[in-house]
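Chemist: Okay, handing you the structure first.
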Amino acid sequence: MTTTTVYLDESGDLGFDFTKAKTSRHFLMTGFATLDPRAVQKAVKAVFRSMPKAQVKARHGVLHAVREDAATVRRLLTRLARLDGQVVVLRLNKQQAAASGADQHAIYIRLANLAVAELTNVATSEEAGAVRLVASRRETNRLLNEHFRADVAAAADARGLDPQVDILRPSADKGLQAADFLSWSFFHEFEHGDATFSSLVRSLDLRVVDVA
């Protein structure tokens, strides 16, 4: 039975003090679904191989889009654009979310659940009878990680899925690093009006969903 792997990553912050310069106007939850996670991991590894040894050593096995130069970002996004996969970008207008009074964790879980719902069409196709959800470890608190795992699993279960849910560090699964680059590229477009990088992956099966 074929398994669809769905990598989840986010960009922006969930702060609501808009008087601070670093508070983002948007928060994105990006889901990248693939039937071939090995191809995704190979794409990341290929970028590592193209880098000088000193740079590879300094990164400790993790590429992070916000810290890389433009050439490295383009190199990985170009490789990802050649793969088969589905991308869903959930775009939250934070000023509207602030008015609702929801707390940060509730907003994060809601967006993750919506990402699962948007991506289950491929997970429930004839070619893919199972789904594995992989999210970055975003909290050091074990209880919050387990709460996140349970909530996302419940959302998938409501759609007839029984997923494997893994919360890992990006160093443990390079697919998370690919999702980071995808999410960052769309954040760069929506937050800063610059589609230089997101335009490189428009060939992927892409949906952008605005969340009120």
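Chemist: Counting Lys and Arg as +1 and Asp and Glu as -1, what is the net charge of the other residues whose Cβ lies under 9 Å from the Cβ of PHE18?
Modeler: On the way: positive: LYS20, ARG25, LYS94; negative: ASP17.
Neighbourhood net charge equals +2.
Chemist: Please label the shape of region 1-73 as rounded, prolate or oblate, based on the square roots a ≥ b ≥ c of the eigenvalues of the alpha-carbon gyration tensor (a/c under 1.5 means rounded; beyond that, a/b larger than b/c means prolate, else oblate).
Modeler: Numbers: a/c = 3.38, a/b = 1.28, b/c = 2.64.
It comes out oblate by the Cα gyration axes.
Chemist: Something else now. Putting +1 on Lys and Arg Cβ atoms and -1 on Asp and Glu Cβ atoms, find which of VAL66, VAL88, VAL47 reaches farthest to the positive end of the dipole of region 44-103.
Modeler: So the residue furthest toward the plus end is VAL47.
Chemist: Among all the lysines, which ones have a C-alpha under 25 Å from LYS45's C-alpha, if same-chain residues fewer than 8 places away are not counted?
Modeler: LYS53, LYS57, LYS174
Chemist: Which lysines have a Cα less than 25 Å from the Cα of LYS94, not counting those fewer than 8 places away in the same chain?
Modeler: LYS20, LYS22
Every number here is computed from the coordinates shown, using simple stated rules; none is lab data. Only a predicted model underlies this, so the values are computations on that prediction, with no experimental measurement involved. Cβ sites come from the backbone with ideal geometry, for glycine too, and all protein chains shown count toward neighbours.
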